[in-house]
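The values are calculated or read from the model by the stated rules, or taken from the named source; none is laboratory data. Just so you know, these numbers come straight off a predicted model, no measurement behind them. Positions of Cβ are generated from backbone atoms using ideal geometry, with glycine treated the same way; all protein chains shown enter the neighbour counts.
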Amino acid sequence: MAEEIRIVQPKEYYKRFLEKDVRPDNRELAEFRPVVLNIGCVTTAEGSALIKIGNTTVICGVKAELAKPDADQPKDGFIVPNVELPPLCSSNFRPGPPGEQAQVLSQTMADVIADSQCLLSESLCICPGKLVWVLHIDLVCLDYDGNVMDACMVALVSALRNTVLPKVTVDEETGDIQTDPTTRVPLQVTCCPVATTFIVFDNKLLLVDPTREEESMATGAVTIVTEGDNLCSIYKPGGTPLTENQIDNCIERAFTHGREVCRLIEDTLLSVDR
Amino acid sequence: MAAFTVVKKEDLEAQQKEESVQSLRCITSELGPLTQPDGSAVFTQGDTTALAAVYGPADVKISKELIDRATVEVIYKPKVGLPRPVDRKLERIIKNTLEAAIMALNHPRSLISIVIQETESLGANLACCVNAACMALLDAAVSMNFMVAAVSAAVTDKGEIILDPVSRVEDEARAVLTFVFDSVDKNIVTVITSGQFSQDEYKKCLYLTKQACDNVFSFYKDSLSKKLLKSA
């Protein structure tokens, strides 16, 4: 019987649970789903990571390429994050060019890299005006069960921390490019931004780390990106208006969660040998 | 019938002179500059200008139809070129903001379409677009739960906070925060930030923008009453 109500009256179904301060998957309102992180799982990529938050799965691979820098910014390399939401991950997506949500996610990833300054584009410079690295950061969602933004962010940071590039030198006189595959240089990733997403249910309750079902019923969402003790981004695109206190509350929880995820990434990185 | 808000030249100069750190730039607007849409508005904040047009409630494509509410669609046109992912994100932010404000449940199976043309982007562009869209919605007499007012603030390297920054300040700033408030309880509808900032700076920006949003709301009221008095 319960399953039928869940399909026909999902909102009522959820309300019954939330009245008792619990969610249908046995979580409390402020409880996160278990996170599994696997770093360095794609051997053909320069750096990679696979993350599972509950059922949500995102895989990230970093590929590096050489290119000539733009004339007006001769020292800046290129960082190109791209989020893919293929039909494989959910019935909401169709094959073809990236949809609106995928484009917005890709842009958000680029914004977070720029805002947190975790990877400076100057650090990708090999020879000013002549040669720089292009980093293609491909994020593919394999299973879409809500909260893809947080998952993408962890995958992105872990993959960048995992990335090593071969040493490349340019001969000043002849302009020849020499690659030394034996020496490998890790990227200079200076910090570890972590996103925490909350949704607003029924215009009043705040739920952390939403599933797909919860997201579809949400009347608003807030994503807070923290980096150590600083805020990188507060992203609340419309939805139910929230009071200052509610947002402050979210920020506090985001800081705690941010530290936990950072520790998880550090621990996982230590266990990876390259 | 277009209604202009009259801004005296002396007032304008005085305002620009005392444009201290904590005031909004001069706001002007024109309601109904376009004849074909159901409502339109030009909104100018300092040198930043946006033009918004509203069609609706109108027919909706079956693929976009929602059976219990109106579909809200926002199209953002950048000044040059085709919309890039940055513009798509802006579009999504404005759409979600207005969706909260519009009483979509009143018009099931219909479309409310909002077209925003970036005219001059010289600082606080997002805020200007949201305000222009809100004025266009008011001009089209679309029923709304509340009005929205957007205000931007920049945090400089020294930790100073500058309200409604011009583009030069935005470029040099460590962080730029844009807040959108509702007109009923002054709660936060939207927060969009770029750059790094501390919790303390966030609170200061919130406090200042919240105070400044009252100016925008009273501006809406003034310009609308001027227009209605003229047409009466």
Check every one of the strands (runs of 3 or more DSSP E) wholly within the range A:32-123 and list those with 1 or more residues that are surrounded by fewer than 20 Cβ atoms within 10 Å (Cβ to Cβ) and not basic (K, R). A:35-39, A:56-67, A:78-84
Criterion first (over 25 Å from A:I113 (Cβ atoms) and either at the interface with chain B (Cβ under 8 Å from one of its Cβ atoms) or at pLDDT below 95 (or both)) does A:T268 satisfy it? no
Given the structure, is B:A136 away from chain A (no Cβ under 12 Å), under 14 Å from the mean Cα position of the chain (by Cα), modelled with pLDDT under 95 and buried (at least 23 other Cβ atoms within 10 Å of the Cβ)? no
Of the residues that sit in the range B:165-178 and are out of contact with any strand residue (DSSP E or B) (no Cβ under 6 Å at 6 or more places or on another chain) and not polar (S, T, N, Q), which one is farthest from the other protein chains (Cβ to nearest Cβ)? B:V166
Would you say B:F181 is at the interface with another protein chain (Cβ under 10 Å from one of its Cβ atoms), hydrophobic (A, V, I, L, M, F, W, C) and either within 25 Å of B:L31 (Cβ to Cβ) or touching an Asp or Glu at 6+ places or on another chain (Cβ under 8 Å) (or both)? yes
I'd like the residue in the range A:148-178 that is farther than 30 Å from A:V83 by Cβ and polar (S, T, N, Q) and, out of all such residues, is surrounded by the most Cβ atoms within 10 Å (Cβ to Cβ). A:T169
Criterion first (more than 10 Å from chain A (Cβ to nearest Cβ), over 22 Å from B:L122 (Cα atoms), surrounded by fewer than 21 Cβ atoms within 10 Å (Cβ to Cβ) and out of contact with any Ser or Thr (no Cβ under 9 Å at 6 or more places or on another chain)) does B:S143 satisfy it? yes
Selection from the range A:212-237 of residues that are assigned to a loop (DSSP other than H, G, I, E, B) and surrounded by fewer than 23 Cβ atoms within 10 Å (Cβ to Cβ): A:A218, A:T219, A:G228, A:D229
Scanning the range A:174-212 residue by residue, the ones that are on the phi > 0 side of the Ramachandran plot and in contact with a helix residue (DSSP H, G or I) (Cβ under 8 Å, 6 or more places away or on another chain) total 2
Report the residue count in the range A:99-133 for those that are farther than 14 Å from B:D87 by Cα and at the interface with chain B (Cβ under 9 Å from one of its Cβ atoms). 4
Answer yes or no as to whether A:I247 is within 13 Å of another protein chain (Cβ to nearest Cβ), free of Cβ contacts under 8 Å to residues at least 40 places away in the same chain, crowded, with 18+ Cβ neighbours inside 10 Å and part of a strand (DSSP E or B). no
Among the listed residues A:D150, A:D248, which satisfies the condition of being acidic (D, E) and either modelled with pLDDT under 90 or within 17 Å of the chain's Cα centre (by Cα) (or both)? A:D150
Being of a type in the set (D, E, K, R) and touching a Gly at 6+ places or on another chain (Cβ under 9 Å) is the filter here, so list the residues in the range B:172-198 that pass it. B:R174
Restricting to the range B:1-47, count the residues that are out of contact with any strand residue (DSSP E or B) (no Cβ under 9 Å at 6 or more places or on another chain), modelled with pLDDT of 55 or more and among the acidic types (D, E). 3
Residue, surrounded by the fewest Cβ atoms within 10 Å (Cβ to Cβ), within the range B:186-224, restricted to residues that are within 15 Å of the chain's Cα centre (by Cα) and within 9 Å of chain A (Cβ to nearest Cβ): B:K210
(1) in contact (Cβ under 8 Å) with a residue 60 or more places away in the chain; (2) in contact with a strand residue (DSSP E or B) (Cβ under 9 Å, 6 or more places away or on another chain): which one isn't true of A:Q188, the others all being true? (2)
